[in-house]
Every structure is written in C-alpha cells, then in structure tokens.
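The values are calculated or read from the model by the stated rules, or taken from the named source; none is laboratory data. Being a predicted model, the structure only gives us computed values, none of them experimental. Please note: Cβ atoms are built from the backbone with ideal geometry, for glycine as well, and neighbour counts cover all protein chains shown.
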Amino acid sequence: MSRAPVLDDLTRIVDPQTPALFPGGSALVYAAVHHPAEGPAVSELRVLSLPASELADAAQEGTERGPEQARTLTSGDLDSNPAVSPDGSTVVFTRKAEGRPALFSIPAEGGEPVALTSGLTVAGMPVFSPDGEHIAFTALADDSAADPTPPLVIDGEPAHKVDGLGWVGTARLQVFVMPAAGGEAVRLTESGNCTAPAWSPDGTTLAFAHTDHDEQGVPFTRRVGLVDLAAPGTSVRFPFSQTGMFSQTGMGGPLLWSPDGAWLVAIGEARTPVGINRLLRLDPDSGDITPLTAGLDRNVMGGGPGYPGGAPAWGADGRIWFCVREGGQTALRSLDPAAESGDIRSHELGDGAVISGLSMAGGTAVVRLSDPDLQGEIFSLDTASGAVTQLTRHWEEELPEVSFLSARPVSFTISDGTRVHGWLLRDPATQGPAPTLLDIHGGPHNAWTGVADAAHLYQQVLAARGWNVLTLNPRASDGYGEEFFTAAVGAWGEADEQDFLEPLDTLADQGLVDPQRVAVTGYSYGGFMTCWLSSRHPERFAAAVPGGLVSELHTLAASSDLGRYLRDIETGAGNAERLSPASYVDAVTAPTLVLHGQEDQRCPLAQGELWYSRLQENGVPSRMVVYPGGSHLFILNGPVSHRVDYNQRIIDWVVEHTQASSLKD
C-alpha cells in the first residue's frame with residue numbers, strides 16, 4: 001500500500017547526478033548522492049555499462065535497465081564531478097579531503113583512488129586534454145596569502161566573499177593544468193575569477209570564462225579568454241570584440257570548441273544589463289561574436305545549483321545539443337551551426353521533463369531527468385531514432401511505498417492581459433475551499449517546474465493533508481521569452497504582485513481556496529516577495545515564512561556578494577527605498593517566521609535580522625531561525641537535519657497560524 005511522502009524520507013533518497021559518458025557511449029559514470037540523518041550529504045561514483053546493442057534492444061522492447069547493473073567505483077565522503085579520460089581508462093573526480101575539495105584519479109575498472117592535488121580548493125569539473133596526458137581544472141588561489149593574514153584593502157568593487165565559499169579575501173578562482181598521472185599543478189591565469197576550462201581539439205589552446213569588474217566598475221563583467229599553451233611561458237589573451245550586439249559584459253561558460261578548433265561556443269546575454277542567455281559563436285582569429293540562437297526567444301541553460309540544464313555538446317550528427325528553459329521546464333534542443341537559421345530542433349523526453357546534466361558520446365546522450373511523475377533518474381537518448389530509455393530507478397528502489405502527488409498546470413490572465421502559468425498541488429480527495437500555501441520561487445529569473453523535489457517536501461506533506469500549494473511563474477520568471485524575463489527590472493514587487501494576488505482570487509472564486517486561510521512563503525527572491533506581499537497587502541495573508549530573504553536594498557548592495565548587481569542592475573539604485581520591503585514593514589500583521597542561513601553571502605543574515613527586529617518592535621508574532629554554517633543554498637545541499645528542520649518549521653508555522661489541525665509528522 002502506498003503512502004504520501006514524509007520529511008524523514010529525505011534520509012532514504014539516492015539522487016543520481018552529473019552523468020558522464022565514456023568514449024563511444026559504452027558506459028557512464030555518475031554521482032549517487034545520499035542524505036544521512038546527521039551531517040552533510042555524501043556521494044559515491046557508480047559506473048553503468050551501456051552496450052549499444054542492449055540499449056537498442058531495450059528501447060525497442062520497451063524495457064528498462066535498473067540500478068542493480070551499476071557498480072560502485074568510489075566510496076568517499078563527497079565524490080562528484082566525474083570526468084573520463086579519452087581512452088576510457090581513468091576517471092578523475094573531486095573528493096572532499098582534509099576539509100576541502102581535491103582532485104582524485106581512479107582506474108575506470110576500479111582500484112584505490114589517488115590524490116592529485118593537495119592544498120588547493122578545487123571547484124567544478126576537471127577536463128582531460130584531447131590526448132589524455134593533462135587535466136585542466138579550477139581552484140582557489142591567493143596571491144596575498146600570509147600568516148597572519150594581512151589586512152584586506154579594497155579599492156574597487158568588493159569580491160572578498162562568495163556564497164558557498166564564505167570569506168575568500170584576496171583568493172580568486174584560477175585555471176590550473178597538471179599531468180594526468182600526477183605531478184605539479186601549473187597556474188595559467190592571473191586575475192578575476194577564471195572558470196570553465198575547455199581544451200581546443202589539438203590541445204594547444206585552453207579557453208576559459210573570466211568574471212571580474214572592469215575599470216568603470218560594471219558589476220560582474222563576463223568574457224572569454226584563451227591561453228596559448230604552445231607559447232613560451234603561456235600567453236593569456238582576450239580576443240573577442242566588445243562591439244556589436246554582444247559585448248564582453250555577458251559571456252561565460254560552459255565552453256565548447258568546434259571539432260576543427262576554428263571557433264568555440266559560449267553562453268551569453270542577448271543584451272545587457274539584463275537579458276536571456278543565448279548560444280554564441282566566438283571566432284578567435286577575427287574576434288567576432290555571432291549569436292547561434294538569435295531567433296530562439298528562450299534562455300540557454302548551462303546548468304548549476306538550483307538552475308537545471310547542462311553543458312552544450314556536439315552530437316554524432318554534427319549538431320550542437322543544448323538545454324533551454326521552456327514554460328518552466330528544461331528542454332533539449334539541437335542546432336546545425338552551418339545552417340543560416342540554425343535549424344533548431346526539439347527533442348522530446350516526455351511531458352513536463354526537466355533536464356539536469358547532459359553528456360554525449362557517439363549517437364547517445366544521457367541526462368538526469370525529472371517530470372511530474374518522476375523525481376529524478378538518468379535516461380539515455382538515441383539521437384538517431386529518438387528512443388528514450390530509463391537507466392536508473394533509485395527513487396523507486398529506495399522509496400517503493402511512497403507515492404508523490406502530481407501538480408496540475410494552471411494558467412491565469414492578469415487584469416493587464418498578461419498570462420501567468422503555474423501549478424496547483426492538491427490531493428484529489430480534498431473537497432471544497434482549502435487552506436492554501438502560496439510558494440514563491442527565487443531568482444527572480446528562475447521558475448517552478450511542477451516537479452516534486454527533495455528541497456520542497458513540505459509541499460507534498462501539506463497537500464497530502466488537505467492543503468493547496470500554489471506555485472506560480474510571475475513576470476521575471478524564466479521560460480517565457482525575454483520580454484517576460486525582463487518585465488520586473490526596476491520594479492521588483494510592483495510589477496509582479498498581481499501575478500500572485502489575482503490567481504488566488506480566481507481560485508477562491510472557483511471554490512478551491514479559503515481566502516481566510518492563505519499563507520505565503522518563498523526563498524531568496526521568494527523571501528523578498530513574501531516580505532513585500534505581507535507588508536503591502538497585509539489583509540491577504542494569515543501567516544508568512546520568508547527564507548533567505550531580502551528586506552532592504554541599500555544594505556544588500558553593501559553586504560551581498562552580488563549586492564551592487566542586484567540593486568543597481570535589477571532594481572535600480574534610485575529605486576532602492578521605494579522597492580525595499582523594509583519601507584513598508586510597519587504594516588505587517590501576519591505572524592512571520594524568518595528562516596536564514598548563518599553564512600548566507602548572497603542574501604546576508606542581516607537582511608533577515610532587520611526584518612525580524614522590526615516585526616518584534618511592532619509586536620507582530622514572529623520568530624527567527626538561523627542555520628549554523630548555512631550558505632544561501634543550504635536548503636539544497638546543507639546538512640539533512642537542517643533541511644528537515646526547515647521543511648518542518650514551514651509546515652508547523654503555517655498550520656498553527658491558519659488555525660488548521662496539526663500536521664506534525
């Protein structure tokens with residue numbers, strides 16, 4: 001007999017991530033992530049053989065391969081980011097060792113992992129050179145390191161802290177190269193933060209993404225650089241033009257070279273300061289930058305924490321395969337770079353599919369895929385036939401008795417004519433007007449997908465006990481084109497508030513929502529919007545739970561690792577007071593629970609402390625919970641005990657303050 005999910009199920013989940021194919025598509029390696037009841041997440045690497053004939057037979061017969069065919073390759077503390085050597089003999093990966101991520105190597109057939117780096121904090125995916133002799137990777141480097149640490153002198157834009165890394169002082173991410181067999185790591189780059197290394201096919205040039213502040217102080221200038229490895233002492237250059245439709249202010253990785261090494265692909269903004277990302281062709285000889293997806297009004301998704309997608313890759317068909325946001329989902333597309341229009345094609349992987357991770361070899365692609373009925377497994381796609389095969393079944397194996405409720409898509413026409421899309425999670429057995437949780441996503445340029453996930457299990461718990469959970473993609477959400485994407489620039493809260501309020505009214509008119517029992521929650525920008533709605537429209541909400549929030553934009557600019565960008569570019573410095581929820585906090589009446597990570601550098605703890613202290617001064621029932629060591633992303637990758645606590649507190653608070661029966665597990 002099946003049952004609804006409970007929060008303790010977090011400790012049983014095995015989540016497959018970062019799949020990487022072996023050459024020719026003969027096998028794949030992926031990280032299997034576990035969530036123990038105490039401490040942070042752990043992960044091991046597993047290898048799954050994929051003989052082409054077996055895949056074809058499975059696709060033709062409609063059968064599926066199971067996780068029992070995967071073998072464990074490593075069993076470290078936090079093994080992730082696997083990369084396979086060109087001959088398929090070696091897997092290089094990152095492992096947390098001595099308190100920091102380090103680079104390790106292991107034979108693909110198994111054996112004892114060997115540490116390749118020591119004393120470096122490695123970040124991101126290692127990359128083999130085409131001949132397999134060297135590895136490029138990114139790690140923190142500090143040119144001013146000393147004991148005791150010298151005073152930090154800041155003359156320009158601050159870059160001394162990074163969410164997830166904390167206080168980095170003068171350390172910056174730089175690109176290194178070392179022999180694959182082990183040896184000295186040589187640093188190739190000097191300034192800014194340098195990431196996403198990519199080898200040219202002949203191995204003589206290494207491209208990388210460079211993020212820094214230019215001499216005018218423009219926040220987060222992104223450009224692409226090249227390291228000429230054949231030059232004596234190496235030579236770093238930035239050859240791409242600053243004129244035309246695309247400027248240096250918006251280009252980054254993941255990077256991909258053309259098979260002949262004549263040009264490379266980057267991901268960049270269609271216009272600055274805010275716009276959707278497109279695929280760009282970069283020509284090193286001329287310095288020209290040409291959009292490859294100019295006619296596609298959708299955001300190219302390179303993948304990252306909290307943002308699904310995957311690195312662009314070449315298919316055996318000579319096409320570039322990549323991921324885009326589409327109506328809140330993350331979809332697979334391909335294009336012919338030689339065709340004038342790009343000849344962009346869609347590759348369907350099921351209704352409501354959300355792709356995280358993309359790897360290609362031969363005629364096979366593998367992805368991590370979620371949909372409304374599946375919480376995240378690895379699938380393969382035969383690029384010639386379009387046949388899709390499920391390769392892992394971890395959630396089914398680990399939680400066979402658990403049945404997740406499926407959210408149904410909803411759409412609303414706002415009074416100004418804007419269409420807003422979202423999902424309503426509601427048990428079919430629920431009758432009549434129900435207490436409702438409005439849950440607001442972060443970003444603001446992110447999107448709800450309608451897919452159940454481990455970070456928001458409270459949604460499933462509440463819905464199983466008779467609640468509605470409404471998740472909407474308001475103006476500024478991704479997946480609906482650039483005009484929609486930029487619709488809240490300079491108008492946070494003002495532009496999008498009706499995108500939440502009017503759908504609630506519509507559902508109340510339909511007899512689904514009890515308007516007296518509506519609670520609001522959200523994280524990051526969702527925390528900002530929770531504060532905004534509960535202060536600007538206090539009569540609408542019986543309870544509020546802002547998490548990782550923004551309450552005052554001037555202090556955000558002074559203390560966030562993205563502060564000036566968020567205030568000056570997203571909201572406009574001259575609008576900071578008008579758009580700060582703190583300007584209206586005296587109107588709040590809803591009992592409010594503030595949830596915040598102690599080491600959040602994106603939306604610093606002081607933002608939550610300010611909101612909480614003002615509520616306390618005004619006598620509003622309120623509480624603040626701070627999660628020690630928690631970064632802005634602790635709800636995704638923090639200790640499971642903290643994540644369970646976060647979920648449980650949302651449930652308990654909204655239930656208590658909407659006068660519903662207790663839902664405590």
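Suppose the filter is under 25 Å from the mean Cα position of the chain (by Cα), assigned to a loop (DSSP other than H, G, I, E, B) and within 26 Å of residue 76 (Cα to Cα); does residue 110 pass it? So residue 110 does not fit the description; no. Just one of the listed residues (508, 542) is more than 16 Å from residue 411 (Cα to Cα), among the hydrophobic types (A, V, I, L, M, F, W, C) and in the same structural domain as residue 576 (by TED's automatic domain parsing), and it is 542. Looking at the range 300-317, can you tell me whether even one residue there is among the hydroxyl-bearing types (Ser, Thr, Tyr) and assigned by TED's automatic domain parsing to the domain that holds residue 228? Looking through the range 300-317, none of the residues is among the hydroxyl-bearing types (Ser, Thr, Tyr) and assigned by TED's automatic domain parsing to the domain that holds residue 228. How many residues are more than 23 Å from the chain's Cα centre (by Cα), β-branched (Val, Ile, Thr) and either over 18 Å from residue 562 (Cα atoms) or at pLDDT 80 or above (or both) if we restrict to the range 199-249? Selection size over the range 199-249: 6.
Within the range 365-382, restricting attention to residues that are touching a strand residue (DSSP E or B) at 6+ places or on another chain (Cβ under 9 Å) and farther than 19 Å from residue 303 by Cβ, which residue is surrounded by the fewest Cβ atoms within 10 Å (Cβ to Cβ)?
Filtering first and then ranking leaves 382.
Regarding residue 417, is this residue surrounded by fewer than 21 Cβ atoms within 10 Å (Cβ to Cβ) and assigned by TED's automatic domain parsing to the domain that holds residue 473? When the stated conditions are applied, residue 417 passes them. When the range 519-565 is limited to residues that are among the hydroxyl-bearing types (Ser, Thr, Tyr) and in a helix (DSSP H, G or I), the one that is modelled with the lowest pLDDT turns out to be 565. Would you say residue 94 is of a type in the set (Val, Ile, Thr), in a strand (DSSP E or B) and touching a strand residue (DSSP E or B) at 6+ places or on another chain (Cβ under 9 Å)? In short, yes.
Note on the range 85-106: residues that are over 11 Å from residue 117 (Cβ atoms) and not charged (D, E, K, R) total 9.
Residues in the range 302-359 that are over 21 Å from residue 258 (Cα atoms), of a type outside the set (A, V, I, L, M) and in a strand (DSSP E or B): 304, 307, 308, 325, 326, 329, 330, 346, 347, 356.
The residue pairs whose first member lies in the range 156-173 and is surrounded by fewer than 16 Cβ atoms within 10 Å (Cβ to Cβ), whose second member is among the acidic types (Asp, Glu) and at pLDDT 75 or above, and whose beta carbons are closer than 6 Å, counting only pairs six or more residues apart or on different chains, are 166/599.
Test of understanding: among 539, 577, 609, which residue is surrounded by fewer than 24 Cβ atoms within 10 Å (Cβ to Cβ) and touching a Leu at 6+ places or on another chain (Cβ under 9 Å)?
On the way: 539 fails: touching a Leu at 6+ places or on another chain (Cβ under 9 Å); 609 fails: touching a Leu at 6+ places or on another chain (Cβ under 9 Å).
Unique residue meeting the criteria: 577.
Contact annotation: residue pairs with Cβ atoms under 6 Å, 6 or more positions apart or on different chains, pairing a residue in the range 567-579 that is assigned by TED's automatic domain parsing to the domain that holds residue 495 with a partner that is surrounded by fewer than 18 Cβ atoms within 10 Å (Cβ to Cβ) and in a helix (DSSP H, G or I), are 567/573; 576/554; 577/583.
Residue 307 versus (1) under 23 Å from residue 442 (Cβ atoms); (2) surrounded by fewer than 20 Cβ atoms within 10 Å (Cβ to Cβ); (3) without any contact (Cβ under 8 Å) to a residue 40 or more places away in the chain: which is the lone unmet condition? That leaves (3) as the condition not met.
Checked against (1) over 30 Å from residue 163 (Cβ atoms); (2) modelled with pLDDT of 95 or more; (3) out of contact with any Pro (no Cβ under 6 Å at 6 or more places or on another chain), residue 358 passes all but a single condition, namely (1).
Would you be able to say whether some residue in the range 327-339 is out of contact with any Gly (no Cβ under 9 Å at 6 or more places or on another chain) and of a type in the set (Ser, Thr, Tyr)? No, the conditions are met nowhere in the range 327-339.
Could you check the range 436-470 and list, in sequence order, the residues that are buried (at least 24 other Cβ atoms within 10 Å of the Cβ), not aliphatic (A, V, I, L, M) and not in a loop (DSSP other than H, G, I, E, B)? Selection gives 436, 439, 458, 459, 460, 468. Looking at the range 1-39, which of its residues are out of contact with any Asp or Glu (no Cβ under 9 Å at 6 or more places or on another chain), in a strand (DSSP E or B) and not charged (D, E, K, R)? The answer is 17, 18, 19, 20, 21, 27, 28, 29, 30. When the range 542-566 is limited to residues that are touching a residue at least 60 places away in the same chain (Cβ under 8 Å) and within 11 Å of residue 589 (Cα to Cα), the one that is surrounded by the most Cβ atoms within 10 Å (Cβ to Cβ) turns out to be 543.
Being within 19 Å of residue 520 (Cα to Cα) and buried (at least 19 other Cβ atoms within 10 Å of the Cβ), is that true of even one residue in the range 624-634? No, every residue in the range 624-634 fails to be within 19 Å of residue 520 (Cα to Cα) and buried (at least 19 other Cβ atoms within 10 Å of the Cβ).
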